[in-house]
Amino acid sequence: MRFVLVAFLILGCSSAEENTKQEGAVPISAEPIMPGAKTGQFAVEKGNVGGDERPDVWNYYREIPDPKDPSAPKRVLVKKEADLNFDGRKDITREFDEEGTLSREEADLDYDGKLDQINVYDKGVLTEKHVYRAGGDKVFIWKYFEEGKMVRMFRDDSGDGRPDYCELWYAGEKLSKVGKDTNNDGECDYWENAE
Ligand SMILES: [Ca+2]
Ligand SMILES: [Ca+2]
Ligand SMILES: [Ca+2]
Ligand SMILES: [Ca+2]
């Protein structure tokens, strides 16, 4: 696991450039990656580290005009996908904001084809983490962060996909309140102070 993750990170730095040099980027027209995207607005580069013929890494770029050189538009990385265990199925997706900073990460950590975790970032700092129930397709735990520290944690113990157990934390260090959803509307409404 560590090895393939490292490979992914290294690829993130180098493969795009190398691919461009070697074979040129392959523009895509059938797969716009953002709502409302115009055909041809994005380019994708594919990398292969698995030793077979299939690509394992996909980098998606938005092309923006370069005022210094109008003939060569600049490319901004907007999304990166990778098949970490080389089974042909993508396991991790990372999206980047306009500054090129990580904004969202979706991962299938056990490679069963089902999402296990979503991380949301604001300017590269973690703000939300959603953990899916093992083998299922519903979120089990929601964590919310402020300045990188957990301040709220919600959990779905009943398995209906909505929180029924809640915790409030002081700056990720001290549990402050524990809540329950007593009327089954997906929001905690009965709270006790934590000791
Ligand atoms: Ca895979
Ligand atoms: Ca999974
Ligand atoms: Ca529930
Ligand atoms: Ca409730």
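Each value in this text was obtained by applying a stated rule to the coordinates, not by laboratory testing. It should be emphasised that the depicted structure is a prediction, and the values quoted were computed from it without experimental measurement. Quick reminder, even Gly has a Cβ in these numbers, built from the backbone with ideal geometry, and neighbours come from all protein chains shown.
Once amide H atoms are placed 1.01 Å from N in the peptide plane, what residues at a sequence separation of 5 or more from S103, or on another chain, have their amide H within under 5 Å of its amide H?
Placed amide hydrogens put E95, F96, D97 under 5 Å from S103.
Mind running the shape call on the range 41-157? Use the C-alpha gyration tensor, a ≥ b ≥ c as the square roots of the eigenvalues: rounded below 1.5 for a/c, prolate if a/b tops b/c, oblate otherwise.
oblate
Run the simple label-point estimate for E63 and D160 please: 7 Å along Cα→C-beta, distance reported in nm.
Output for this residue pair reads 5.1 nm.
Under a cut-off of 29 Å between alpha-carbon atoms, report the lysines in cross-link reach of K74, not counting same-chain residues fewer than 8 places apart.
The reachable lysines, counting only those whose Cα sits under 29 Å from K74, are K21, K38, K46, K90, K123.
Per residue, how much space in cubic angstrom lies within the convex hull of the C-alpha atoms of the range 92-150?
Output value, Cα hull per residue: 71 Å³.
Restricting things to alpha carbons, tell me how big the range 97-195 is in terms of Rg and Dmax, in Å.
Values for the range 97-195 (Cα only, Rg and Dmax): 14.8, 44 Å.
If you rank S103, S71 by fewest surrounding Cβ atoms within 10 Å, what's the result?
Least to most surrounded, the residues fall as S71, S103.
Sort D97, D185 so the one with the fewest other Cβ atoms within 10 Å of its own Cβ comes first.
D185, D97
Do any GluC sites (Glu not before Pro) in the range 50-96 lie in a DSSP loop with no more than 10 other beta carbon atoms within 10 Å, and if so, which?
Those that pass, being in a loop and sparsely packed, are E53.
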